[in-house]
1. What does DSSP give for the protein assembly as shown in terms of the percent of beta bridges that are antiparallel, rounded to the nearest 5?
2. If you rank B:Lys546, B:Lys512 by fewest surrounding Cβ atoms within 10 Å, what's the result?
3. How many Cβ atoms of partner chains, on average, are near each residue of A:228-237 if near means within 10 Å of its Cβ?
4. Looking only at Cα atoms, what is the convex hull volume of the protein assembly as shown per residue, in Å³?
5. If R₀ is 30 angstrom, what is the calculated FRET efficiency for the pair B:Lys294 and B:Asp430, using the beta carbon separation as r and rounding to 0.05?
6. Just to be sure I understand the model, the point goes 7 Å from the Cα along the line to the Cβ. What's the resulting B:Arg576 to B:Ala492 distance in nm?
7. What does the net charge come to around A:Asp59 if you take all other residues with beta carbon closer than 15 Å to its beta carbon, with K and R at +1 and D and E at -1?
8. Test of understanding: extend the Cα→C-beta vector of B:Thr589 to 7 Å, then name every residue of the stretch B:339-365 with backbone N under 12 Å from that spot.
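Throughout, read-outs are computed from the coordinates displayed, never taken from laboratory work. For clarity, every value in this text was computed on a predicted model and none was experimentally measured. Note that each Cβ is placed from the backbone with ideal geometry, even for glycine, and that neighbours are counted across all protein chains shown.
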Amino acid sequence: MTVAFAPSSSRSGEWSAEPGFGVYVHIPFCRHRCHYCDFNTYEGLDALFAPYVDALVTDIERWDGEPSPATSVFFGGGTPTLLAPEQLGRVLAAVTERTGIVPEAEITIEVNPETVDETTFTALLEAGFNRFSIGVQSLAPHVLEGLGRTHSAGRALEALAAARRAGASDLNADLIYGSPWERPGDWARSLEGVIDAAADHVSAYALTLEEGTPLHTLVATGRVPDVDGDVQADRHAVADGYLRAAGFERYETSNWAQPGRASRHNVLYWSGGNYAGFGAGAHAHVDGRRWWSERLPRDFISAVEQGVTTEAGFERLDDSQRGPEALMLGLRLKSGVDLSALERSYGEGFLAEREPVIERLVGAGLLERSGSWLRLAEQSTMLANDIICRLL
Amino acid sequence: MDQEHQRAIAVIAHIDHGKSTLSDRLLQLTGTVGDRDMRAQYLDRMDLERERGITIKAAAVRMNYKANDGEIYQINLIDTPGHVDFGYEVSRSLAACDGVLLLVDAAQGIEAQTLTNLYLAVDAGLEVIPILNKIDLPAAQPEKYAQELAQLIGCGPEDVHQISAKTGQGVPELLEAIVERVPPPKGEPDAPLRALVFDSVYDAYRGVIAYLRVVDGRIKSREEIAFIATGVEVEADEIGIMAPDPTPMPELETGEVGYLISGIKEVRLAKVGDTVTTRNNRDADPLPGYREPKPMVFAGIYPVEGDDFPLLRDALDKLQLNDAALVYEPESSTALGFGFRCGFLGLLHMEIVRERLEREFDLSLIATAPSVGYEIELTSGQRIEVHNPTDMPDPSQIEDVYEPFVDVLVVTPTDYTGTVMQLCQGRRGDLQAMNYLSPERVEIHYKMPLGEIIFDFFDQLKSKTKGYASLDYEPAGMQPSKLVRVDVLLNAQPVDAFSTIVHRDKAYDYGKTMTERLRKLIPRQLFDVPIQAAIGSRIISRETVKAKRKDVTAKCYGGDVTRKRKLLERQKEGKRRMKQIGTVEVPQTAFIEALRVDSDGASS
């Protein structure tokens, strides 16, 4: 890997120059789909839990990729914690078996507050997970209701506390801001709440209306007011203020961490790293080849059962595509990208071709440059798409 | 045929008053077209005409009619174009006639344009036969409108023919009246040839087909001939008559009407109004009334896709082959790229050309706001013509600006008199005369700047009078006016496509309308974009598109980089398709929307 990323330290040791190798595992089940969600997840498939776990384990065992010890593992969903800790442990064990896991690896699982208590956390820690990403979203009851969350604010805070009690050292709180129901005070209180609950990592995402979601329909038909980009830009600034005051540092557009607590798996994505992906609709990437699995849980399971590949599609990027992609990803990181490294990797002229545009954007104060490093100016964070697409 | 047995007539009528149906009936009753071959509106040739229900190009057809006196008469029916933009062509068609049929819908009465053409016919000394059509309709009011027509042309109401062109009722009597009342042609059979070109059309196979009437002498096939105005000398490859299909003839005699094919490939070399004579007689006096077609309305026409520019040029070249009035020259606009500044006879002409370009040549076009041609007297004493607002010099160099005026004729039910006057007054109109056609209907004459009616005047007139008023206008010379150019600036950069010349009193309204419109049409950018309207360096209106503050994807869900990349590539493609005005990115649709003229339009 040649793409540099934000130097940071891991939970135990040093991981700096190499982003490593990641493993993503997708659990496509939910008790209840939230109104804003367009993720690959399904309600009412409880009967598939056991066969899905079996299929996942088999698929991991059969994986024919070049094994490389994982520096990060991420169980995402859906709601991974709908599965029993033993089931999740079996899958993690299969990963350990197949690719190996480095001793100081970051092993994250997404947790929905209403599905866990202290004993769950204890069991998950036991199974090998060492980082929990808790779906708090908001601490304002009317916002939670609007979003279609089924847990209370109290339950979310309780989940954070329970994880601590169980001995978890790495805790992320997932938050959503800028929803139509949120008042400025709601956002401040949500931030204060997760800071007080001692989360050491906060992911704060601007609510996005995705087509096909119930929320999108509600807005399109005028029953719920649209989200306001200006308000979201304000809220992002508020988040940065609160979190910075509490010792956090923003390392990516939507992610803040206490020193040394940046998510290694997250950084891996943005630095163009390699990762395997297992489970329905999971995405993977190795050296310019990106591929994804069968989207529907049933199709995924039956592919495994029939012994055929679970891969549903792929794309292979050549250097002329990888260069711009590395820019697109890397500029999301606060540290930015090392242009000379990109040029070394992706060909002569990569930089020269973009120089006039870069110059103009730097002149306009939208990009910053130091040495061969290029990054978004602080004020451009929320304009990343507009700026980045000029550089592709 | 001897002159005594010839009659040449035209029908003047408003759109939809039944001209084509009456022509069909005449063709049928004279046996020119067999009952089995009859199809509706036989004489209208182009699809576009049929769809719009109007006739753009005239045709002439010969009918042989056996009258009640037992004699055979040759009736030449000359079709006239039916719209305000083609007034000159109408006048040439009328010059080729000895009488006109004034055809009026018995349910609607006479309309403005018919009235204008009637005045033309009376001025030309033509015999006028008044006719009320559609008397079979339940809504027909023949008594009322017969009274109106009788008063107009000074005859008795009983002299007004009442017919139904659809059923044929009253048409045999009309044929008799044509023979009895229209005088035969008065030309000199032994004088050298002089023939009037009253129409000229381009045919892909035969080249230009000129329709003409032999005024003096005769024209023979294979004869060496000359067009006096254009100086073109050619051989008459074929002459013939339309009966109604083209039928070659060895010669056309004095008073006869027919066509001439001579290998000419462009209609501008065989223009309407020109005189055809024999080659050895080319110094003969031309027939009176010839005029160069003069474009009155100008607009920039641009391809939506810049790559289509060569296609647009080819298309205009082809259209010009059969449209002598269309003029164009290449121009470039920073906002719209490469296109053409085109000159048209009027708004309808512009619409027809644009529609044909889009339909026949499959082009997607943007047109700038139409403007008229101005004459500008500079402080240096020099006088220049300006067809494009961006060519207008700086106010400091201008002594006087002259703009074209028109005599406007509106015919309206008296209930709307006030409404019409208000509308005209609001457009800098100057009342000239009013004349009550009947207690219910009035004709109103205004003198107005052409620039005031080319926007949406006609639409406004129609909507404010519930469709009852009709409009006609004709050029009335140039007059000085207090005109200024209003520029629209994006981020201090003038956008040439939005510059316009308006009266000083209306500059503020135009500026405000455009800046407000653009504020809604221009997407937010990375910085504040001021939108200003200005006269010279003086800002008269300003709006601001605030900088956008959020344009970022929240997350990269589950490592799906492919989706994120596609999203950004689409966004990049979107940017590529935008026009760059200085540093401001403007979507193509903003130009189209901003240039659209509607009821809250730039001219109101």
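1. Working: 134 of 187 bridges.
The antiparallel fraction comes to roughly 70 percent.
2. Numbers: B:Lys546 12, B:Lys512 15.
Result, fewest neighbours first: B:Lys546, B:Lys512.
3. Neighbouring Cβ atoms belonging to other protein chains average 3 per residue here.
4. Numbers: hull volume 233.5 nm³, N = 996.
That works out to 234 Å³ per residue.
5. Details: r = 23 Å, r/R0 = 0.76.
Plugging the Cβ-Cβ distance into 1/(1 + (r/R0)^6) gives 0.85.
6. 3.2 nm
7. Values: positive: A:Arg62, A:Arg90, A:Arg98, A:Arg295, A:Arg298; negative: A:Asp54, A:Glu61, A:Asp64, A:Glu97, A:Glu294, A:Asp299, A:Glu305, A:Glu311.
Computed value for this residue: -3.
8. Counting backbone N atoms under 12 Å from the label point, the list is empty.
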